[in-house]
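In what follows, a single structure is set out as structure tokens and then discussed.
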Amino acid sequence: MNVRDRLDGGRAVVAARDADETPDTTEIRRLAEAAGYDVVGEVTQRRAEDLRYNLGGGKARELATAVAEADADAVVFDGELSPGQYTDLLELFPAGTTLTDRYRLVLEIFADGAGSTAATTQVDLATLRYELPRVRRATEESLLNAATEKGSPVLDMEKRIDAMEAKLDELTDAAAARRARRRAEGFDLVALAGYTNAGKSTLLRRLADDVDAESSGTSGDDAFGDENLNDDLAESVTVEDRLFETLETTTRRATLEGRRVLLTDTVGLVADLPHDLVRSFSATLDEVGAADAVLAVVDAGADEDRLRRRVETTVEVLAADATGPVIPVMNKVDRLDAAGREAALGIVADVLAESGVETREPVAISALDGTGIDDLRDAVVASLPGSTATFELPPSGESQAFVSWLHERGDADVTYGPESIEVRFAGKPSVVDEAERRAADLRPADVRTDSKDG
């Protein structure tokens, strides 16, 4: 069954197990609700994993009873179920009950939000990779002669995975070409990453200019929405309090101290997902890897344990993907007093020190009321590679066109004199290099250029 057919708003009982402490079901309940389930009960257990059911045998039967008594038609398990555990648990439940573990649930939510070709392909690929070992187990008795079986479900699924991987490669190549074109136009690329509901979309609204937007979810079959630059802000950036609102990335233009920046709000992260499942969203994570700087956004108002776990999740993903400088952003500090801010800052600093990931100094902000936003803008600009150059130009039409070109690609401070035009320019190193070439082509004998790296 296609994962997109599952969001039917059924009645669900959630189940959770933790070897060390009583499970906290807050997040799995929210995930289930985001997927359209009505949570009507829960069963938890503190113990090590049982090889047969994941839960202990007695607790598994208790779960089956809870499903029947609540007249539920689904069970949502907070964790990963092996193919065998999935099959054995399902046999205990009333006929017609569906069973979804944490990872399949995430796929359902992503599938519900997938609109573009790239997002849909990523979800379908992740779903196939999830289902493959389960299909293998169901057909394991015939695996010895699978190579000669026409229409083997395992071989068919493997071929579909290969085809989708090839398709996704094409889409990511197109996205890479788009990013290269944007850099050539003078844009710096900044990605917003972080745990879902950390406030990334609200921060994007706060930092972005008032006009222009592009989104991977508004472009039909265009993989990453290259030319959709006129969407209204309220429509292009969703800020609802919902986990995994979309798998699409949303990009907005911003001007930070004269630097032209494209800010990309990437998909929200979630803790404890298997590495291979996370990698299935490679096209989205590529936006993080290709960024000139990454804003690692965390909800500073979360309780101590949750804050620590979410920072650890964010750091773990960024350590594997980010190549540009990472700026930790402690959002929602408007909810904290001075002591709370210091405590949250200490937790973030501890996690970063333990991770070994090189980051810039954390910046405390409130995307909602604007606290600390100027400090964040300064931190972003300081983290971006930059160069400066000074041009002395003759007063001509060609020089005026060149000055206009500079204004479009960086910070140009222009002084007009009776016999010359002096321009102090700051921007991306590649743009400064191009500016120097263009200045030399104006009137080489009359143009003076001084430049330095910033």
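The values are calculated or read from the model by the stated rules, or taken from the named source; none is laboratory data. Computed from a predicted model, the values in this text were never measured in an experiment. Note: ideal-geometry Cβ built from the backbone for every residue, glycine included; neighbour counts use all protein chains shown. When the accessible area is computed, the model is the full protein with side chains, heavy atoms only, and any ligands, DNA or RNA have been set aside. Shrake-Rupley method; radii C 1.70, N 1.55, O 1.52, S 1.80 Å.
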Revision key, fill the gap. Checked against (1) outside any helix (DSSP H, G or I); (2) aliphatic (A, V, I, L, M); (3) at pLDDT below 90, A283 satisfies every condition except (1)
**Study point:** Every pair of residues 6+ apart whose Cβ atoms lie under 8 Å, when the first sits in segment 393-418 and is over 16 Å from A440 (Cα atoms) while the second is of a type in the set (D, E) and not in a loop (DSSP other than H, G, I, E, B)
**Key:** V414/E422; T415/E422
Check your understanding: Any residue in segment 172-180 that is modelled with pLDDT under 75, open to solvent by 20 Å² or more (accessible area, probe 1.4 Å) and not hydrophobic (A, V, I, L, M, F, W, C)?
Key -> no
Review point. Are there any pairs, at least 6 apart or on different chains, whose C-beta atoms fall under 8 Å, with the first in segment 141-164 and on the phi < 0 side of the Ramachandran plot and the second at pLDDT below 50 and surrounded by fewer than 13 Cβ atoms within 10 Å (Cβ to Cβ), and if so, which?
Key: L155/A147
Revision key, fill the gap. Restricted to segment 348-370 and to residues being open to solvent by less than 50 Å² (accessible area, probe 1.4 Å) and of a type outside the set (G, A, S), the residue nearest to A293 (Cα to Cα) is T359
Practice item. Search segment 181-192 for residues being at pLDDT 75 or above and part of a helix (DSSP H, G or I), and hand back the single one that is surrounded by the fewest Cβ atoms within 10 Å (Cβ to Cβ). Key: R181
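If only one of V67, V39 is outside any helix (DSSP H, G or I) and either on the phi > 0 side of the Ramachandran plot or at pLDDT 95 or above (or both), which one is it? Even if it seems obvious, please write down each step before you answer.
Working: V67 fails: outside any helix (DSSP H, G or I).
Checking each option against the conditions leaves just V39.
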Check your understanding: Residues in segment 372-382: is at least one of a type outside the set (F, W, Y), more than 30 Å from D305 (Cα to Cα) and surrounded by 14 or more Cβ atoms within 10 Å (Cβ to Cβ)?
Key -> yes
Exercise for review: Looking only at segment 303-340, count how many residues are open to solvent by 20 Å² or more (accessible area, probe 1.4 Å), within 24 Å of E21 (Cα to Cα) and among the aliphatic types (A, V, I, L, M).
Suggested key: 0
Review point. Which pairs do you get when a residue that is more than 13 Å from A60 (Cα to Cα) and aliphatic (A, V, I, L, M), found in segment 84-104, comes within reach of a residue that is open to solvent by less than 50 Å² (accessible area, probe 1.4 Å) and modelled with pLDDT under 90, reach meaning Cβ atoms under 9 angstrom, with the pair 6+ apart or on two chains?
Key: none
Exercise for review: Inspect all residues belonging to segment 43-52 and state whether any of them is at pLDDT 90 or above, within 17 Å of V13 (Cβ to Cβ) and open to solvent by less than 10 Å² (accessible area, probe 1.4 Å).
Suggested key: yes
